[in-house]
Amino acid sequence: MKLESDNLLTDKVIEVTSLLTSIVNNYAPACFSSSFGAEDMVLIDMIFKYAPEIEVFTLDTGRLPQETYELIQKVIELYHQPIHIYFPESDDVEAYTQTHGPNGFYQSVELRKKCCHIRKVLPLKRALLGKKSWITGMRREQAITRKDLPLSEWDSEHKLEKFNPLITWTRDDVWNYIKKYNTPYNILHDQGYESIGCAPCTRAITVGEDIRAGRWWWENADTKECGLHKN
């Protein structure tokens with residue numbers, strides 16, 4: 001069974017690396033948006049090894065866990081490749097905080113999405129300017145909002161092609177890759193955090209909970225997206 005599992009993982013890795021090469025050849029300039037979760041670390045490892053022409057960037061919301069910052073630094077030092085970091089506009093953050101308080105996002109879905117819009121959606125628009133393609137680490141298995149995720153789709157809002165190379169990967173696939181290739185990962189995963197975002201909006205989950213139950217846990221499952229990915 002282990003040999004069969006290893007072969008299946010190898011096949012999936014070949015599929016993804018082939019897709020990354022195709023993106024470089026046909027959809028450049030290309031970029032990968034990373035939040036440094038487990039899935040994203042799989043793609044970072046493949047991109048830096050096999051398709052370094054793809055720009056890797058992250059959105060620093062100003063509210064990330066310290067463990068995420070430590071991982072970003074570790075990745076830069078390990079791979080000797082740049083990570084492009086985009087920040088929200090300070091005036092927008094200041095206005096939101098003065099009006100709603102530093103944790104106003106807990107008050108309603110509307111205010112939470114407004115915070116995400118300022119800290120993530122607007123910086124993403126800047127990050128994608130001039131790009132022909134955008135790669136994500138999303139998987140169908142992650143959430144009810146992602147169950148019909150396609151391998152590629154036209155992003156009409158940003159006017160580029162969007163690729164989701166890991167759509168068929170399972171959680172086991174992700175962690176088997178990380179173990180097999182000794183890929184660094186966020187240590188919060190060892191503390192029960194399955195999906196990691198901003199510190200105030202992320203918690204560890206318990207056995208039996210949905211893998212994204214720790215994100216915006218005070219909301220219903222069908223509202224749990226930040227606005228970066230619109231199907």
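The values are calculated or read from the model by the stated rules, or taken from the named source; none is laboratory data. Because the structure is a prediction, the values reported are computed rather than measured. When we count neighbours, we look across all protein chains shown, and the Cβ atoms used for this are built from the backbone with ideal geometry, even at glycine.
What's the total number of residues in the range 192-221 that are touching a residue at least 40 places away in the same chain (Cβ under 8 Å), β-branched (Val, Ile, Thr) and in a loop (DSSP other than H, G, I, E, B)? Write out each step before concluding.
Filtering the range 192-221 for residues touching a residue at least 40 places away in the same chain (Cβ under 8 Å) gives 195-202, 210-212, 216, 218-219, 221.
Subset that is β-branched (Val, Ile, Thr): 196, 202, 211.
From what is left, the residues that are in a loop (DSSP other than H, G, I, E, B) are 196, 211.
Within the range 192-221, residues that are touching a residue at least 40 places away in the same chain (Cβ under 8 Å), β-branched (Val, Ile, Thr) and in a loop (DSSP other than H, G, I, E, B) number 2.
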Response to the item:
When the range 32-50 is checked residue by residue, the ones that are crowded, with 22+ Cβ neighbours inside 10 Å and either touching a Lys or Arg at 6+ places or on another chain (Cβ under 7 Å) or farther than 20 Å from LEU71 by Cα (or both) are GLU39
Response to the item:
Note on SER156: of the conditions (1) in contact with a helix residue (DSSP H, G or I) (Cβ under 6 Å, 6 or more places away or on another chain); (2) without any contact (Cβ under 8 Å) to a residue 24 or more places away in the chain, unmet is (1)
Worksheet item: What are the pairs, 6+ residues apart or on separate chains, where a residue within the range 20-44 that is on the phi > 0 side of the Ramachandran plot has its Cβ under 7 Å from a residue that is in a strand (DSSP E or B)?
Response: PHE36/THR58
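Please specify each residue of the range 152-191 satisfying the condition of being under 16 Å from LEU20 (Cα atoms) and either assigned to a loop (DSSP other than H, G, I, E, B) or over 15 Å from the mean Cα position of the chain (by Cα) (or both). Spell out the reasoning first.
Within the range 152-191, the first condition is being under 16 Å from LEU20 (Cα atoms), and the residues that meet it are 152-153, 160-169.
Those that are under 16 Å from LEU20 (Cα atoms) and either assigned to a loop (DSSP other than H, G, I, E, B) or over 15 Å from the mean Cα position of the chain (by Cα) (or both): SER152, GLU153, LEU160, GLU161, ASN164, PRO165, LEU166, ILE167, THR168, TRP169.
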Worksheet item: Which condition breaks for GLU94 when tested against (1) touching a Phe, Trp or Tyr at 6+ places or on another chain (Cβ under 7 Å); (2) of a type outside the set (Ser, Thr, Tyr); (3) free of Cβ contacts under 8 Å to residues at least 60 places away in the same chain?
Response: (1)
Worksheet item: If you check every pair at least six apart or on different chains, which have Cβ atoms under 7 Å apart with a residue in the range 108-135 that is at pLDDT below 95 and part of a helix (DSSP H, G or I) first and a residue that is surrounded by fewer than 19 Cβ atoms within 10 Å (Cβ to Cβ) and charged (D, E, K, R) second?
Response: VAL109/GLU219
Fill in: Positions within the range 194-231 being touching a Leu at 6+ places or on another chain (Cβ under 9 Å), modelled with pLDDT of 80 or more and farther than 19 Å from CYS115 by Cβ, in sequence order
ALA204
Worksheet entry | Residues of the range 71-92 satisfying the condition of being surrounded by 12 or more Cβ atoms within 10 Å (Cβ to Cβ), in a helix (DSSP H, G or I) and within 22 Å of the chain's Cα centre (by Cα) | LEU71, ILE72, LYS74, VAL75, ILE76, LEU78, TYR79
Discussion item. I'm checking my understanding of the structure. Among residues of the range 87-107 that are farther than 30 Å from LEU20 by Cα and among the aromatic types (Phe, Trp, Tyr), which one is modelled with the highest pLDDT?
Written reply: TYR96
Worksheet entry | Candidate set from the range 130-172 (those that are small (Gly, Ala, Ser) and under 20 Å from ALA38 (Cα atoms)); member that is surrounded by the most Cβ atoms within 10 Å (Cβ to Cβ) | GLY137
